[in-house]
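Notes to accompany the following structure.
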Amino acid sequence: MRLARRMERLGTETAFEVLARARELEAAGRSVCHLEIGAPDFDTPDFVVEAACDALHAGFTKYGPAAGDPELRDAIAAYAGALRGVEIDPAEVVVVPGAKPILFFTLLALVEEGDEVLVPDPGFPIYASVVALAGGTPVPYRLDEGRGFAIDPATLRRVRGGIFNTPHNPTGGLIGAADWDRIAGLDLEWLISDEVYAEILYGGEHASAFAHPALREKTILCDAFSKTWSMTGWRLGYGVLPPALAEAVTRLQINCTSCAATFSQRAALAALRGPREPVERMVRTFRSRRDLFVSGLNALPGVRCAEPRGAFYAFPNVSGATDDAAALARRLLEEAGVACVAGTAFGAAGRSNIRFSFAAPEETLREALDRMGRLLG
Ligand code: PLP
C-alpha cells in the first residue's frame, strides 16, 4: 500500500520509540531506569479517580458536546484565567483529548501552504512535525544554553505565526516578560503558547503570553491536565482560542474525535475543584529530585547541565564526554540500561545534549547516575 506523500512530512516523538525499545530489553530480563518519557510517575490523585468512577456509574459514557462539558469549560476559564491574571470567557475554551490535539487542530486550521512558523530549537518535536504536515515551513529559533536556555532574540524572525513553550521541554527554561515584549515586537499574526508545565516551576514566576496586553488577542493557549494532575493517560487537554478559531477547532474535533471522553471531563472538573495539595506535593518532590539529579549530572566527567527552572527534564550537554551525543544516548540504553532521549530528537541545536526526565523515583535517579558514571568512567 502506498502512503500519501504528506506522510513524508510527518515526524514523530522519539521518546515513544525509546520506551518501546526499553520495554523489549526488560522483556528480555534487563533492568532499565526509565528516564525517557515525559510523564509524572505519581498516581492521579484519588479524588480525581473517584470522580471518574462516579461519572461512569452516573452514565457519562456517551458522546458529549463537541467543544466540551459546559461546566468544565466554565471551570477551565476560571482556573486558567486566575493562573495568568486575565479574564477568559468559557466560549473561548475547547476541550480535547490532551494538549496535542490543540496543537494539531490549531495548526491545521491556521497554516497555509508555504507559511513560515517559528518553532523552538531545541523544542518539542511535534511542533515542526505538524507545521510541516499542514504545509508550512518550521523556522527554528535558538535557545541559548549559556543563559539557562532563554530565547536567543537574534534568531527570532518576523514570519506569520509562532509556537512558544514555557516552561520548556526539553530544557526546563522559561520565557520571561522581556522575551514576550520582544515576541510582541515581531508582530506575528498568531502564536501558540504551550503552557502544559505552567504549574511545574521551581521558584520562578510563570509569565504567560496571555498576560501580555499586545499578545492576548492573537494567542492560542494550549494546556492540559496531563502533567499537573498526572493524568497523561486520561487524554484531557484544552485550548483557549479566539472565537472564530474555537469554532474551527471544534469542527475539526467533530471530524476527528467527536469529543473528549466524557467521564475524563468529569474527572478533570474534580481536579480543578479539589484540593491543591497533591499538585504542590508533586512539584516539591520534583524540585528535590531536580537538585539531586542535576548535581549528579554535573559531577559526571565531561557533562554539564544547566539548572531547569520548570517542567521535569534535564538537558545536559555531553560534548566534554563524546562527539556523538546520540550514540551515547543509545549506549546508555543498550549497555547501561538508562533510557533517555538524544538531544537531536528535539532539533539540530540539541546535537550535544541528551534529555532525561527526572519524573522518576529518587532511587531510580541515583541508580541511573551510577550507571552513567560507570559507562563514562
Ligand atoms: N506540549 C509539550 C511541551 C509536552 O512536553 C507534551 C508532552 O510531553 C505535550 C504538549 C503533550 O501533552 P498531552 O499528553 O496532554 O497531549
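On a 1.4 Å probe surface of the protein chains, which of H34, H57, H212, H168 comes out largest in accessible area, and what is the full order? Don't skip to the end; give the middle numbers.
On the way: H34 55, H57 170, H212 30, H168 5 Å².
Output order, biggest surface exposure first: H57, H34, H212, H168.
Measuring only protein heavy atoms, the 1.4 Å probe finds E362 accessible over about 70 Å².
Taking every alpha-carbon pair in segment 263-306 and binning the separations at 5 Å intervals from zero gives 5, 19, 15, 13, 12, 10, 9, 8, 7, 2 percent.
Applying a DSSP loop filter and a limit of 14 other Cβ atoms within 10 Å to the GluC sites (Glu not before Pro) in segment 157-227 leaves E189, E205. Note on D43 and R330: their simple-model spin labels are 4.0 nm apart, each label 7 Å out from Cα toward Cβ. Once both labels are positioned 7 Å from their Cα atoms along Cα-to-Cβ, the gap between D89 and L186 label points is 2.7 nm.
Within a straight-line Cα-Cα reach of under 16 Å, K100 can be paired with the following lysines, leaving aside sequence neighbours fewer than 8 residues apart in one chain: K227. For segment 60-273, the per residue solvent-accessible surface stands at 35 Å², with DNA, RNA and ligands left out and a 1.4 Å probe.
The trypsin sites (Lys or Arg not before Pro) found in segment 131-172 that occupy coil by DSSP, while having at most 11 further C-beta atoms within 10 Å, are R158.
Whole-Hz Karplus values for segment 175-181 come out as 9, x, 4, 5, 5, 5, 4 Hz, taken residue by residue from phi with 6.51 cos²θ - 1.76 cosθ + 1.60 and θ = phi - 60°; glycine and proline positions read x.
A Förster radius of 51 Å combined with the Cβ-Cβ distance from A27 to R157 puts the calculated FRET efficiency at roughly 0.65. Taking the protein heavy atoms of segment 111-155 in the context of the full set of protein chains, the accessible area attributed to carbon and sulfur is 49 percent at 1.4 Å. Expressed in Å, the radius of gyration and Dmax of the Cα atoms of segment 60-273 are 16.2, 51. Per-residue Karplus couplings for segment 232-247, computed as 6.51 cos²θ - 1.76 cosθ + 1.60 with θ equal to phi - 60°, are listed in order as 4, x, 7, 6, 9, x, 7, x, 10, 9, x, x, 5, 6, 4, 5 Hz, Gly and Pro entered as x. Based on alpha-carbon atoms, the Kirkwood radius and the radius of gyration of the chain give Rg/Rh equal to 0.96.
Counting other Cβ atoms within 10 Å of each Cβ, which trypsin sites (Lys or Arg not before Pro) in segment 271-325 have at most 15 and sit in a DSSP loop?
Answer in residue order: R276.
The values are calculated or read from the model by the stated rules, or taken from the named source; none is laboratory data. These numbers come from a predicted model, not from an experiment. Cβ coordinates were reconstructed from backbone atoms using ideal geometry, including for glycine residues, and neighbour counts include every protein chain displayed. Please note that ligands, DNA and RNA were not included when accessible areas were found on the heavy atoms of the full protein model with its side chains. Shrake-Rupley method; radii C 1.70, N 1.55, O 1.52, S 1.80 Å.
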